[in-house]
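Report on the following structure.
The values are calculated or read from the model by the stated rules, or taken from the named source; none is laboratory data. Predicted, not measured: the structure shown is a model, and the values here were computed from it. Cβ coordinates were reconstructed from backbone atoms using ideal geometry, including for glycine residues, and neighbour counts include every protein chain displayed. Ligands, DNA and RNA are stripped out before the accessible areas are found, and what is left, the full protein with its side chains, is counted by its heavy atoms. Shrake-Rupley method; radii C 1.70, N 1.55, O 1.52, S 1.80 Å.
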Amino acid sequence: MKELNTLTIKTARAGLDKKEFTSVELTQACLNRIKERNPELNAFITVCEKEALEEARAADKIITSGKALALTGIPFAVKDAICTAGVRSTASAKILDNYTPPFNATVIQKIREQGGVLIGKNNCDAFGHGASNENSMYGAVKNPHDLTKVSGGSSGGSAVAVADHMCIFAIGEDTGGSIRQPASFCGVVGLRPSYGRNSRFGIMPMASSLDTVGPFTKTVEDMAIVMDIIAGQDSLDATTVPDTVPEYSKTLNKKSKIRIGIPKEYFAFAELNKEIKTVIEEKINSLKKQSYEIVDVSLPYTKYATAVYYIVVPSEDSSNLARMDGIRYGARKQEGNLFELYAKTRDLGFPEEVKRRILIGTYALSAGYYDAYYKKAQQVRTLIKNDFDEVFKKVDVLVTPTSPFTAFNIGEKSNDPLAMYLADVMLIPAAVSGVPAISVPGGKDKNGLPIGIQVIGPRMGEEQVLQIAKQIEDSLQKQTFIC
Ligand code: GLN
């Protein structure tokens, strides 16, 4: 039999229900993998060994009694910037080093209610700021396909935990690409849902008008299973929408008449690696052969998206992170008067990149500059969103690369914030527009590094995004892109 930790949600559920193995065995297999690999990969900040095994024992009793729910006994991991009741949640910043939330984020609560076993908390870029996981105050996360490469970020630890089979699935957060980019660098499936589809309650806020929470899974089928559980309106997050949530797993294999748009701007970036371009073009051809209609489209405002993002996000950041003052939460540097205490605590508790965002955001929002920067950026944001609205009158989904390149070297961009920001060029337009997008493995480059393909849909169009992602996955003819 395959190693238990390499199973998917679907195969683990079947095996548990048929009593081929127990949840304790499955959980132990994941814990063993963590023990073996985490010292090198650094994907976990906290491992809940004792608690996970206790939960697994309880799950086995439920399974024996025939009352198993969708996730009963299945181990999962969570980005450390998402609150987990009774389990330390640091956001990978020392300012929250000792913070243990008394409550679960809504998505975590829903997974727990379906029986998911929390195995640990994943390293990430501090408060979600970064595209390589090098901005963590707990050290960088390494790519399991090549230890000299970055995992991608900011939810790098979660992508690695799934790719390296340290858990069966994981939950991450995507403000401007933080689920899709590490998913593409590590060879797993990662979904950024529509803004308003999944509750943000209990996610440590970065930029509230862009933050979303979504899963990392080994297959598109597993993605649909998790989305069936976590999606939907939440009274604790007023930005969630009342729209009915489709049953994604039921409609996944439906071969709807989906028109696929190919936005030319995404293929015109100078940085786009040739091998990635070829892989995407091959996939587009294979979709064409399956009689999907392929349409060339244009999103002309794409080129402004990164500039808009780096005004809007730091602005919201500077306001959201003001609550981290050493008084209400986490670590405190008790020194001098109250102002000195705030300053010292924030100086020691945030990494450079977080400080940089707070400075830029405070500047962009200040009197006299607000109109020139923040207001202007929001106006252009509307134009970018309008581009998507127009294009989705003609097509149902868009297919693009997830990233212009595969995983880069550790240290390659860490001293060049602008180069790091540009890593997200293909991810930011969907994020500023609030539309859903998935990254699905599409192949490997000549060095064996995974290549991700992005499928973008209209707002609340996760259903067709998942369907096309499934077709792409199936066309790989069972080649596996996980370690
Ligand atoms: N790399 C982007 C940033 O640093 C994305 C972050 C995210 O999605 N959390 O802002």
Using θ = phi - 60° and Karplus 6.51 cos²θ - 1.76 cosθ + 1.60, couplings along the stretch 4-13 (whole Hz; Gly, Pro as x) | 4, 5, 8, 5, 9, 4, 4, 6, 5, 4
Sorted by chain and number, the residues with a modelled amide H under 5 Å from that of residue 234, at a separation of 5 or more or across chains, are 240
For an R0 of 45 angstrom, estimate the FRET efficiency from the Cβ-Cβ distance between residue 394 and residue 148 and round to the nearest 0.05.
-> 0.55
Kindly provide the helix-only [θ] at 222 nm of the chain, computed as the sum of -39,500 (n - 2.57) over DSSP H runs of four or more divided by all residues, to the nearest 500 deg cm²/dmol?
-> -12000 deg cm²/dmol
Rg/Rh for the chain: what does it come to with C-alpha atoms and Rh from Kirkwood?
-> 0.95
Can you list residues whose amide H is under 5 Å from residue 216's amide H, if they're 5+ apart or on another chain and H is modeled 1.01 Å from N?
-> 170, 171, 172
Rounded to whole angstrom, the alpha-carbon centroid of the stretch 135-202 lies from that of the stretch 257-323 at a distance of 19 Å
Would you please give the residues with an amide H less than 5 Å from that of residue 451, counting only those at least 5 places away or on a separate chain, with H modeled from the backbone geometry?
-> 442, 443, 444, 445
Send over a whole-number figure in Å² for the accessible area per residue of the stretch 68-125, probe 1.4 Å.
-> 23 Å²
If you stretched the chain out fully between residue 363 and residue 97, how much longer would it get, using 0.36 nm times the residue separation minus the C-alpha to C-alpha distance?
-> 92.9 nm
Does the stretch 177-317 come out rounded, prolate or oblate, given a ≥ b ≥ c as the square roots of the eigenvalues of its C-alpha gyration tensor, rounded meaning a/c under 1.5 and, failing that, prolate meaning a/b above b/c?
-> oblate
Order of 451-460, 240-249 by packing, highest average Cβ count within 10 Å first?
-> 451-460, 240-249
For the stretch 329-337, just list the computed ³J(HN,Hα) in residue order, Karplus coefficients 6.51, -1.76 and 1.60, θ = phi - 60°, integers in Hz, with x standing in for Gly and Pro.
-> 10, x, 6, 9, 9, 6, 8, x, 7
The stretch 83-91 - phi-based ³J(HN,Hα) in whole Hz, Karplus 6.51/-1.76/1.60, Gly and Pro as x = 6, 10, 4, x, 10, 3, 9, 9, 6
For the stretch 100-169, shape from the Cα gyration tensor axes a ≥ b ≥ c, cut at a/c of 1.5 then a/b versus b/c, turns out oblate
Considering only protein heavy atoms and a 1.4 Å probe, what is the carbon-and-sulfur percentage of the accessible area of the stretch 399-453?
-> 51 percent
Pull out the extension gain between residue 288 and residue 446, defined as 0.36 nm times the separation in residues minus the alpha carbon to alpha carbon distance; nm, one decimal.
-> 54.3 nm
Whenever you get a sec, compute what percent of the accessible area on the stretch 40-184 sits on carbon and sulfur atoms (1.4 Å probe).
-> 51 percent
